Number of protein chains: 2
Amino acid sequence: MMQFSSKLIEEAVAQIAKLPGIGKKTALRLALHLLKQDEPFTQTLAEALLRLRREIQYCQVCHHISDAPTCSICQNSQRDRSLLCVVESSQDVLAIESTAQYKGIYHVLGGIISPIEGISPADIQIDSLLSRFPSPEIKEVIFALSATMEGDTTTFYITKKLKPFEVKVSTIARGIPIGSELEYADEITLGRSIIGRTEYE
Amino acid sequence: MMQFSSKLIEEAVAQIAKLPGIGKKTALRLALHLLKQDEPFTQTLAEALLRLRREIQYCQVCHHISDAPTCSICQNSQRDRSLLCVVESSQDVLAIESTAQYKGIYHVLGGIISPIEGISPADIQIDSLLSRFPSPEIKEVIFALSATMEGDTTTFYITKKLKPFEVKVSTIARGIPIGSELEYADEITLGRSIIGRTEYE
């Protein structure tokens, strides 16, 4: 057990250690780092966290995190509105954006269907996704959900609901990660990579 | 480069990523985690950091971080005042306290002598250490500084200054870490562990 001899340190460490992936030791290191910096350093950090939490909005179109009622991606006239990518979370949007390979728009579900965790279709943004159809613009819906049973279930469920709108549906490729050796791939991934093989150009 | 599409996220990530050992990806993960929690979660965290930075004091006797003008260790009548352990930082005090092997008192130097980094004896709490002598209570000064040239220099410098007070001086043992295999020890550590061998009981 760690001894602190200071309630102030103890409380700061307790709060920092509530963050995911941060243990008591790291929390202590961070707290002591703050003490080594001048007061504005901590003030700027605390204010940035509070402002983020208080002022963040969720885009009323795609539910991505946003500084305004409509997010900068939905507002951007340069984006290709014929492609709609369905993701679980805003984090996934940021991950796809950082690839710079996708110029379409998004829909953030805010979760995936999971009977085990008690998350039903009504708990996530499926109705609002369906309300975007029929659409004069969207030609293809790309599902970019986790390659898990929950992800596959969610893709299957929504695809069925999209049937009446006759929109093209695709999923991101499953396969061997780039730079990964074949012998370390699990057999399910390997199997799907063979089924989903692409023509060599 | 990471794209954020939200100034609020961008600013929060920038501030979090200023903390040591936290990169932009981890910072983003933490920021998004805050968004998933209710507002009081972020508020409690921000307040703990601000209170820590604003209200922390440094013990006027030993310079350890403290909630009061004198720290809880210096105030504790159960501590053995014949032993004074000299350390570089409050973090070292906390590390030694968590071993539960030491019941003496401390002196926190707030740095070690380093000509390369321009830290001279006058920059650290050496004068205030010497002002604790002659002492009717302190019988032994234990140096618990890093096993580096800077640590050794600091120990050497202070030891010379302590000569007139005829107090016993010791350093913590250097040797093979517990659980470590001999073949992986560097030769200097191994050499010192032979010179500093202890009688087998």
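The numbers here are math on the coordinates, done by the rules we state, and not lab data. None of the values given here were measured: they were computed from a predicted structure. Neighbour counts run over all protein chains shown; Cβ positions are idealised from the backbone, glycine included.
Excluding B:VAL167 itself, what net charge comes from residues whose Cβ is under 13 Å from its Cβ, given Lys and Arg +1 and Asp and Glu -1? Walk me through the numbers before you get to the answer.
Working: positive: B:ARG81, B:ARG132, B:LYS139, B:LYS160, B:LYS161, B:LYS163, B:LYS168; negative: B:GLU137, B:GLU140, B:GLU166.
Residues close to B:VAL167 contribute a combined charge of +4.
Which of B:GLU11, B:GLU187 has the fewest other C-beta atoms within 10 Å, and how do the rest follow up to the most?
Ascending Cβ contact count within 10 Å gives the list B:GLU187, B:GLU11.
Using a Förster radius of 22 Å, what is the FRET efficiency between A:ARG54 and B:LYS18 based on their Cβ-Cβ separation? Nearest 0.05, please.
So, using R0 = 22 Å, E works out to roughly 0.60.
In deg cm²/dmol and to the nearest 500, what is the mean residue ellipticity at 222 nm of chain A if only DSSP H runs of at least 4 residues count, each as -39500 (n - 2.57), divided by the residue total?
Helix-only estimate at 222 nm: -11500 deg cm²/dmol.
Would you work out which of B:ALA12, B:ILE22, B:LEU49 lies farthest towards the positive end of the dipole of the stretch B:7-55? Charges go on Cβ: Lys and Arg +1, Asp and Glu -1.
The residue sitting most towards the positive pole is B:ILE22.
Just to check, using Stokes-Einstein with a Kirkwood Rh over alpha carbon pairs, what's the diffusion coefficient of the stretch B:7-55 at 25 °C and 0.890 mPa s in µm²/s?
Numbers: Rh = 11.4 Å.
Translational diffusion coefficient: 214 µm²/s.
Across peptide A:87-98, what mean number of C-beta atoms from other chains lies inside 10 Å of a residue's C-beta?
4
Could you line up B:TYR58, A:TYR106 from fewest to most neighbouring Cβ atoms inside 10 Å?
In increasing order of surrounding Cβ atoms, one gets B:TYR58, A:TYR106.
B:VAL86's amide H: which non-local residues (gap 5+, or another chain) put their own amide H closer than 5 Å, with H modeled 1.01 Å from N in plane and none for Pro or chain starts?
Hits under the 5 Å cutoff: B:HIS107, B:ILE142, B:PHE143, B:ALA144.
For labels at B:SER82 and B:GLU117 in the simple 7 Å Cα→Cβ model, what's the distance in nm?
Result for the modelled spin labels: 3.5 nm.
Filter the chymotrypsin sites (Phe, Trp or Tyr not before Pro) in the stretch B:146-201 to those in DSSP coil with at most 15 other Cβ atoms within 10 Å of their Cβ, and list the result. Before the final figure, lay out the partial values.
Details: sites: B:PHE156, B:TYR157, B:PHE165, B:TYR184, B:TYR200; in loops: B:TYR200.
Listed in order of number, the matching sites are B:TYR200.
Evaluate the distance, in nm, between pseudo-label points positioned 7 Å from the Cα of A:LYS139 and of A:ASP38 along their respective Cα→Cβ axes.
Spacing of the two 7 Å Cα→Cβ label points: 5.6 nm.
Using Cβ counts within 10 Å as a stand-in for footprinting exposure, how do B:THR99, A:THR148 rank, fewest first?
Fewest-to-most Cβ neighbours within 10 Å comes out as B:THR99, A:THR148.
Enter the mean number of other protein chain beta carbons within 10 Å of the beta carbon of each residue in B:8-21, as an integer.
So the per-residue partner count for this stretch is 6.
Compute log10 of I(q)/I(0) for the stretch A:77-122 with the Debye formula, placing one identical point scatterer on every Cα and leaving out solvent, at q = 0.18, 0.22, 0.23 Å⁻¹, to two decimals.
-0.60, -0.77, -0.81
The stretch B:149-201: which trypsin sites (Lys or Arg not before Pro) are DSSP loop and have at most 12 other beta-carbon atoms within 10 angstrom? Mind dumping the intermediate values first?
Details: sites: B:LYS160, B:LYS161, B:LYS168, B:ARG174, B:ARG192, B:ARG197; in loops: B:ARG174, B:ARG197.
In loop regions of the stretch B:149-201 (DSSP not H, G, I, E or B), the sparsely surrounded trypsin sites (Lys or Arg not before Pro) are B:ARG197.
Per 10 Å bin from zero, what fraction in whole % of the C-alpha pairs of chain B is there, up to the bin with the longest pair?
Calculated P(r), rounded to whole percents: 7, 24, 26, 22, 15, 5, 0.
Report the label-to-label distance for A:THR159 and B:GLU47 in nanometres (one decimal), using points 7 Å from each Cα along the Cα→Cβ vector.
Roughly 5.0 nm, to one decimal.
Mind checking the dipole of chain A: about its Cα centre, +1 per Lys or Arg Cβ, -1 per Asp or Glu Cβ, Debye to the nearest 20?
The dipole of chain A has a size of about 340 debye.
If you take every residue apart from B:LEU8 with its C-beta less than 10 Å away from the C-beta of B:LEU8, what net charge results, scoring Lys and Arg +1 and Asp and Glu -1?
Residues close to B:LEU8 contribute a combined charge of 0.
Quick one: work out the % antiparallel among DSSP beta bridges in chain A, nearest 5.
Numbers: 3 of 16 bridges.
Counting only bridges with both partners in chain A, antiparallel ones make up about 20 percent.
Counting other C-beta atoms within 10 Å, and keeping those with at most 13, which DSSP coil GluC sites (Glu not before Pro) do you find in the stretch B:131-160?
Passing sites in the stretch B:131-160 are B:GLU137.
Direction-averaged shadow area of the convex hull around the Cα atoms of the protein assembly as shown, nm²?
Taking the Cα atoms of the protein assembly as shown, their convex hull projects to 29.0 nm² on average.
Expected output is a single nm value to one decimal: the length gained when fully extending between B:ALA68 and B:ALA100, i.e. 0.36 nm times separation in residues minus the C-alpha distance. What is it? Mind showing how you got there, number by number?
Values: separation 32, 0.36 × 32 = 11.52 nm, distance 2.28 nm.
Roughly 9.2 nm would be gained on extension.
Counting partner chain Cβ atoms within 10 Å of every residue's Cβ in A:34-40, what's the average?
Average per residue, whole number: 4.
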